[in-house]
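Here's the structure, in structure tokens; my notes come after.
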Amino acid sequence: MTGAVAISLSVNGERVDASVLPRLNLVDFLREHLKLTGTHIGCEHGVCGACTVRVNGDIVRSCLLLAVQTHNASVETIEGLSDNGEIADLQSAFRERNALQCGFCTPGMLMAAQDLLKQSRSPDREQIREHLSGNYCRCTGYQAIVDAIETTARARTGRLP
């Protein structure tokens, strides 16, 4: 199959109808066709986490998923989570704790962090590190990122330090 395939999906709550080549990765579809460039391309092997998005509520590596596989799916990107305010507190904590640095890993880190905080209201530092273990950061040394996530978890549960 080498011809374009029609797909229909929801991206950040909006219906998208497109015609894509079967071999087009989701990350390339999001960035090139929809201009949602917050999803970054890092390793293209699924190990760095820069391309993390949600598909039907689960975080996935969009460099490993073909766009045609998202037909009839719901896809949420960092832009969607930012625009709807879902991660506003997490973004503030990243900024306040200096967990941003160059920013390349930040969208994937925020996606993974929000996924963890949806699964566990009060993760400890080891759980945070474990959940982020699939996301690479070359600048921060992770300490500030873990601090920001821990701060957000505490604030969300009313356990401020």
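The values are calculated or read from the model by the stated rules, or taken from the named source; none is laboratory data. Source: prediction; values computed, not measured. Neighbour counts are summed over all protein chains in view; Cβ atoms, including those assigned to glycine, are modelled from backbone coordinates with ideal geometry. Note: areas computed on protein heavy atoms with side chains; ligands, DNA, RNA excluded. Shrake-Rupley method; radii C 1.70, N 1.55, O 1.52, S 1.80 Å.
Key figures
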quantity	calculated
So LEU81, is it more than 16 Å from ASP147 (Cβ to Cβ) and either under 12 Å from the mean Cα position of the chain (by Cα) or small (Gly, Ala, Ser) (or both)	yes
Top-ranked residue in the stretch 7-42 [being among the hydrophobic types (A, V, I, L, M, F, W, C) and touching a residue at least 60 places away in the same chain (Cβ under 8 Å); ranked as farthest from TYR136 (Cα to Cα)]	ILE7
Residues being in contact with a Leu (Cβ under 6 Å, 6 or more places away or on another chain) and buried (at least 23 other Cβ atoms within 10 Å of the Cβ) - total across the stretch 55-65	1
Residues being open to solvent by 20 Å² or more (accessible area, probe 1.4 Å) and not in a loop (DSSP other than H, G, I, E, B) - total across the stretch 1-54	14
Test: residue in the stretch 67-78 that is free of Cβ contacts under 8 Å to residues at least 60 places away in the same chain, out of contact with any Pro (no Cβ under 6 Å at 6 or more places or on another chain), on the phi < 0 side of the Ramachandran plot and not assigned by TED's automatic domain parsing to the domain that holds GLN143	yes
Those helices (runs of 4 or more DSSP H) lying entirely in the stretch 66-161 with at least 3 residues surrounded by 19 or more Cβ atoms within 10 Å (Cβ to Cβ)	78-83, 88-96, 106-119, 143-156
